[in-house]
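Asker: Encoded as structure tokens, here's the structure I'll be asking about.
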Amino acid sequence: MIKYIQHNRHRPIGIFDSGIGGLTVAKAVKAVLPNEDILYFGDTARVPYGVKSEETVRAYALEITKFLMDKGVKMILIACNTVSASAKEDIIHRAGTIPVIDVISAGAQAASESGLGVTPTVGVIGTIATVQSKAYEEALIQQLGSVNVIQQACPLLVPLAEEGWIEHEVARLTVKEYVHAFNDYQLDALILGCTHYPLFTNLIADVLPFKQTQIIDSAKSIATSAKQYLERQGGCNTKGSSFNCFVSDRPKRFQELAERFLGQQITKIEVVRDLDNHT
Ligand code: DGL
């Protein structure tokens with residue numbers, strides 16, 4: 001029997017996030033899978049997700065899942081840790097035969113493959129919702145067995161990223177303040193547990209107290225997981241490369257930031273105000 005993914009290999013990969021953060025995933029996917037078409041949805045009308053309740057995030061995520069399914073994607077990448085923490089199982093259920101990969105499982109797997117040794121100390125920075133859910137702690141224990149997990153919520157980083165204040169002095173001070181939480185620990189690794197945070201990787205690396213700490217970028221990890229999955233299942237596209245964006249608000253602002261960050265022009269960007277009634 002030909003598997004779903006093989007049969008539909010020329011369809012796009014659907015990637016979604018609350019805003020521009022998932023572009024760190026899209027960029028990583030384009031780097032490792034250059035012949036794939038990508039359909040990106042950024043929920044710019046409702047960002048940030050990380051300060052909202054699990055129920056609200058789940059409801060948003062299921063609407064977007066349906067939207068991506070209606071658009072005919074072959075695979076869904078949950079490029080948002082907050083959604084992964086709150087709604088992964090519901091999305092998998094809703095997606096049916098469409099494979100779903102979430103950024104938290106991918107990040108935890110990357111940590112387990114990075115040679116951390118016995119009972120490592122792993123720091124996780126994420127949104128309030130991600131940290132409170134303890135989803136990383138569970139995923140890391142599942143992957144590594146024995147591990148010390150130290151978490152720190154960094155709620156101000158998402159608004160700074162959405163504002164495009166990526167190298168701004170305010171961003172530097174904010175990152176420094178949050179990373180202070182790890183001053184008493186010799187972290188073996190620090191997981192960037194929010195897809196907006198890779199935008200601040202240089203600032204984070206600069207202020208980390210223990211220079212041997214490996215920084216694990218969950219955006220890169222999910223791209224690697226997607227590539228491995230498609231290769232294993234014979235689901236790779238050979239003739240794509242398009243990048244189509246959908247946002248729920250402020251398309252110009254999104255386009256400006258996205259082009260700056262991706263270093264390429266985005267020719268197709270559409271606003272979807274009503275996810276239930278789109279064409
Ligand atoms: N980029 C998202 C994440 O990985 C969410 C940020 C937000 O909307 O708060 O968690």
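The values are calculated or read from the model by the stated rules, or taken from the named source; none is laboratory data. Keep in mind it's a predicted model, so treat the numbers as computed, not measured. Neighbour counts are summed over all protein chains in view; Cβ atoms, including those assigned to glycine, are modelled from backbone coordinates with ideal geometry. Areas reflect the complete protein model, heavy atoms only, side chains present, ligands, DNA and RNA absent. Shrake-Rupley method; radii C 1.70, N 1.55, O 1.52, S 1.80 Å.
Asker: Order the following by accessible area, largest value first: HIS10, HIS278. Probe radius 1.4 Å; ligands, DNA and RNA are ignored.
Answerer: HIS10, HIS278
Asker: Taking a ≥ b ≥ c as the square roots of the Cα gyration tensor eigenvalues, with a/c under 1.5 meaning rounded and otherwise prolate when a/b beats b/c, else oblate, which class fits segment 141-279?
Answerer: Oblate is the answer for segment 141-279, as a/c is 1.5 or above yet b/c matches or exceeds a/b.
Asker: How far, in degrees from 0 to 90, does helix 251-262 lean away from the longest principal axis of the Cα atoms of the chain, to the nearest 10?
Answerer: Taking the Cα atoms of the chain, the angle to 251-262 is about 60 degrees.
Asker: What's the angle, to the nearest 10 degrees (0 to 90), between helix 23-32's Cα axis and the longest principal axis of the chain?
Answerer: 70 degrees
Asker: To continue, here is another question. So how far, in whole Å, is the C-alpha centre of segment 1-50 from the one of segment 109-183?
Answerer: Answer, in whole Å: 23.
Asker: Inverting the mean 1/r over all pairs of different Cα atoms, compute the Kirkwood radius of the chain and quote it in Å.
Answerer: Numbers: mean 1/r = 0.0534 Å⁻¹.
Hydrodynamic radius (Kirkwood, Cα only) of the chain equals 18.7 Å.
Asker: Right, another one. Would you mind working out the accessible area per residue for segment 152-279, using a 1.4 Å probe, and quoting it in Å²?
Answerer: For segment 152-279, the per-residue accessible area is 52 Å².
Asker: How much of the accessible area of segment 1-159, probe 1.4 Å, is carbon plus sulfur, in whole percent?
Answerer: About 51 percent, which is the carbon plus sulfur part of the accessible surface.
Asker: Still on this structure, I have one more. Below 12 Å, Cα to Cα, which aspartates and glutamates can LYS239 reach? Residues fewer than 8 away in the same chain don't count.
Answerer: Within the straight-line limit of under 12 Å, LYS239 reaches these aspartates and glutamates: GLU36, ASP37.
Asker: Follow-up. Could I have the simple spin-label model distance between GLU138 and GLU167, label points 7 Å from Cα toward Cβ, reported in nm to one decimal?
Answerer: Between GLU138 and GLU167, the label points sit 4.0 nm apart.
Asker: Which order do ASP217, ASP70 take when ranked by solvent-accessible area (1.4 Å probe, heavy atoms of all protein chains), largest first?
Answerer: Numbers: ASP217 30, ASP70 85 Å².
Largest to smallest exposure gives the sequence ASP70, ASP217.
Asker: Could you give the Stokes-Einstein D for segment 154-194 in µm² per second, using the C-alpha Kirkwood radius, 37 °C, 0.692 mPa s?
Answerer: For these conditions, the coefficient is 292 µm²/s.
Asker: Also, I was wondering about something else. Once R0 is set to 35 Å, what does the formula 1/(1 + (r/R0)^6) return for the Cβ-Cβ distance between THR119 and ASN202, expressed as a FRET efficiency to the nearest 0.05?
Answerer: 0.75
Asker: Continuing with this model, one more query. Working out 0.36 nm times the residue gap between LYS66 and LEU156, then minus their Cα-Cα distance, what length gain in nm do you get to one decimal?
Answerer: Gain in length upon complete extension: 29.4 nm.
Asker: In segment 122-221, which trypsin sites (Lys or Arg not before Pro) fall in coil by DSSP and have 16 or fewer other Cβ atoms within 10 Å?
Answerer: Within segment 122-221, the qualifying trypsin sites (Lys or Arg not before Pro) (loop, at most 16 other Cβ atoms within 10 Å) are LYS134, LYS211.
Asker: Here is a further query. What do you get for the angle between helix 81-95 and the principal long axis of the chain? Use alpha-carbon atoms, 0 to 90 degrees, nearest ten.
Answerer: 30 degrees
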